[in-house]
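To keep things clear, I will list the structure first and then write my remarks on it.
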Amino acid sequence: MRGAKGFTLIELLVVIVIIALLMAILMPTLQRVKRQAKSVVCQSKLRQWGLCFKMYTDDHNGRFSIHSPDAFYWYRELRPYYSYSNDLLFCPMATKYVDNPSWTGSKFTAWGWYSRESDLYGPELFAIFSQPLTSSDFFGSYGINERILDLNWTPNAEFYGHPYWGGVFVKGTNNIPVCLDCPSMFIRVEHFDVPPAYDDVRVSKSGMSVQCINRHNGGINSLFMDWSVRKVGLKELWMLKWSRRFDTANEWTKAGGAHPEDWPEWMRRFKDY
């Protein structure tokens, strides 16, 4: 028994330190792989939304929400085309709702909206908004580009500078965003919108200050009007054809003379377009 040897305290500590070092090296890689997997799932969900939107437009002569009272509540319009479960409304990176009076959350939180506001105005509507959301209300972390809708459409809409696309029978559908990562249920952007000064700090309920969110490592996922899905770089958002009057050669693009130092500090490391 006197000849038997075991681990000394120093040897045990060396093994623990080595394990700790390996974990420190591997954890960032594991986290990155986990985020990449969630991004793939996110794109898969957007492809399913693409099928829903395509079936909807096929049934409505290529138009989006023709003068519908629920035009902005797009998930209601599409209910006949997908399961009643709300799971499809969530990006895997943003699945939790955080109570926020402005109903616009952060890049990693879902938006919430009441299902009880129809046909109510004034004090009755305010009373509903003062209550907490329930399981019958709607939650999600995808939003639609408001300009795809068929609002106040006329045959001479393009001539009069009407911003709405209205339907799918237009040119350049591969660059027109339809449904995408968003902390709001719908989004309206203009080419003169400025980027947010800080990461994940909302300064309004609309515009690029809401849409420019670093949810997927320097970008967001988007479904386009040709029903394709891809990751969009944050600076690339200013190059998408959001509306008929959106200038894709605006001051925030290379074509418009933008330089890396023109962007807020938190965005300078991202790819320029």
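Some points to look at:
- Flag if S44 is farther than 13 Å from C179 by Cβ, touching a His at 6+ places or on another chain (Cβ under 6 Å) and either of a type in the set (G, A, S) or at pLDDT 75 or above (or both): no
- Unmet criterion (only one of (1) outside any helix (DSSP H, G or I); (2) under 20 Å from the mean Cα position of the chain (by Cα); (3) modelled with pLDDT of 75 or more) for F72: (3)
- Test: residue in the range 197-206 that is out of contact with any strand residue (DSSP E or B) (no Cβ under 8 Å at 6 or more places or on another chain), without any contact (Cβ under 8 Å) to a residue 40 or more places away in the chain and either within 25 Å of Y164 (Cα to Cα) or buried (at least 16 other Cβ atoms within 10 Å of the Cβ) (or both): yes
- Scope the range 5-41; condition among the charged types (D, E, K, R), modelled with pLDDT under 80 and within 21 Å of G219 (Cβ to Cβ); matching residues: R32
- Screening G218 against (1) of a type in the set (G, A, S); (2) more than 25 Å from T95 (Cα to Cα); (3) touching a Phe, Trp or Tyr at 6+ places or on another chain (Cβ under 7 Å) leaves a single unmet condition, (2).
- When F169 is tested against (1) hydrophobic (A, V, I, L, M, F, W, C); (2) surrounded by 14 or more Cβ atoms within 10 Å (Cβ to Cβ); (3) at pLDDT 90 or above, exactly one condition is not met: (2).
- In the set (1) modelled with pLDDT of 90 or more; (2) within 25 Å of P92 (Cβ to Cβ); (3) not aromatic (F, W, Y), the condition left unmet by N175 is number (2).
The values are calculated or read from the model by the stated rules, or taken from the named source; none is laboratory data. Values in this document were obtained by computation on a predicted structure and should not be read as measured data. Cβ atoms come from the backbone with ideal geometry, glycine included; neighbour counts cover every protein chain shown.
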